[in-house]
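The values are calculated or read from the model by the stated rules, or taken from the named source; none is laboratory data. All of these numbers come straight from a predicted model, not from anything done at the bench. All Cβ positions, even for glycine, are placed from backbone atoms using ideal geometry, and neighbour counts span all protein chains on display. The protein model used for the area step is the full one, side chains on, heavy atoms only, and it has no ligands, DNA or RNA in it. Shrake-Rupley method; radii C 1.70, N 1.55, O 1.52, S 1.80 Å.
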Amino acid sequence: MASAVNAPEATSDSAATVGLDELSVGVVVLDAETRILHLNPSAVTDLGVFGRAESGRPLADHGPLGRSLAATAERAISERQPITERALAGGAGEDERRFDAVFTPLEHGSGGARLLIELIPVSWHRDLDLWQRENWRQSALDRFARGLAHEIKNPLGGVRGAAQLLSRSLTDPGLREYTDVIVAETDRLARLVDRLQRRDAPLRRVPVNVHQATERVCALVRARAPDVALERDYDPSIPPVEGELDRLVQGFLNLANNALEAGARTLAIRTRIRRAVTVADRTYRNAVAVDFIDDGPGVPAEIRELVFYPLVSGRADGSGLGLSIAQSIALEHGGVIRLIDDPDGRTLFQWLIPLGQGHAS
């Protein structure tokens, strides 16, 4: 098994390097002379290095990809500016893979310069370029949404009033919880309808805890489909994102409903921090990933490339609007939703919300 490289002077950073070793993206840490201080296991594989590399060995000694990386690393160190290189080739023949590399200069606590290189397989963010392809269709969706909003708004007041009257006649607190859900969702739908009728209104950006949004979705899923097994796998260290809670709840709920309507019996919601995420023409150091994973039949191969388009559905009774609206909300928040090939054969939609300001790629 490939092992990570730790330079003797970096032993005090053992806790940090252990964290790097857990990442699925390749990470290389260099000193000011582009000698290797640390390679995590993913980078060892990406660079074609097997066995234990020597501590302090120049990066340029590690094959064609290592030489390409070393040349840009020298420039990033000298200019003290982040650099992104696109589609660098690693391997040869059938084993050739291409990587985008993000070079980030670091100042070490002892005063020495260091450089962090993140190697992102091109296939990871090829789907993220759909951000540019999809904006054109939002105008058509906006016109449709305004008409739909007009038809929805009138019945909402009646539904809310009926739920309140029903709640007053119930003595069981457990049953009242369901009527509370009806009232809360009616209010949220009323706000959504108002927003659909004035689509040009700016997003009300405030710090939002994504787990607050996912928990509201879980409560709605339990009320709608109590037999579906819900699994939560949250990273409690995730910071707040800038956005609008109601809009995120709506988008997350659309992804959950998509799984339920496809016949899923298990729905897992997972949150993680992803590194070096590219959306459109910007690369972000960190992004929040909210994954919706289900055991349903999956997305038919013939519509995988069209699944976020309005009125495209894999079910005869599907409206084809839920995923399209969810994608629209993701774009509003500067992110994107992508359909990922899950290694376990499940259906995985990943919603990415960038953190902080990205830099042009």
| task | Tally up the carbon and sulfur contribution to the accessible surface of the range 211-304 as a whole percent, 1.4 Å probe, everything protein left in place. | result | 46
| message | If I take R0 = 41 Å and measure r between the Cβ atoms of ARG222 and ALA71 in this structure, what FRET efficiency does the formula 1/(1 + (r/R0)^6) give, to the nearest 0.05? | response | 0.15
| message | Under the 0.36 nm per residue contour assumption, what length would be gained going from the current alpha-carbon distance of LEU260 and GLN212 to full extension? | response | 15.2 nm
| said: Can you compute 3J(HN,Hα) from phi for each residue in the range 175-182, using the Karplus curve 6.51 cos²θ - 1.76 cosθ + 1.60 with θ = phi - 60°, rounded to whole Hz and x for Gly and Pro? | reply: 6, 5, 4, 5, 5, 4, 5, 4
| Which ³J(HN,Hα) values in Hz, rounded to whole numbers, follow from the phi angles of the range 330-335 under the Karplus curve 6.51 cos²θ - 1.76 cosθ + 1.60, where θ = phi - 60° and Gly and Pro get x? | 4, 5, 4, 8, x, x
| field | Accessible area expressed per residue, the range 322-361, with surrounding protein chains retained (probe 1.4 Å, Å²) | value | 35
| task | Leaving out ligands and nucleic acids, note down the accessible area per residue over the range 173-276 with a 1.4 angstrom probe, in whole Å². | result | 48
| Karplus (6.51, -1.76, 1.60) ³J(HN,Hα), θ = phi - 60°, over the range 215-227, in Hz, Gly and Pro reported as x | 5, 5, 5, 4, 4, 5, 5, 4, 5, 7, 9, x, 7
| request: Would you mind calculating the gained length between ILE152 and ALA89 on full extension (0.36 nm times residue separation, minus the Cα-Cα distance), in nm to one decimal? | output: 17.4 nm
| said: Taking 0.36 nm per residue of sequence separation and subtracting the Cα-Cα distance, how much length would be gained by fully extending the chain between ALA162 and GLN81, in nm to one decimal? | reply: 23.1 nm
| Among 57-64, 156-163, how do they line up from the highest to the lowest mean number of other beta-carbon atoms within 10 Å? | 57-64, 156-163
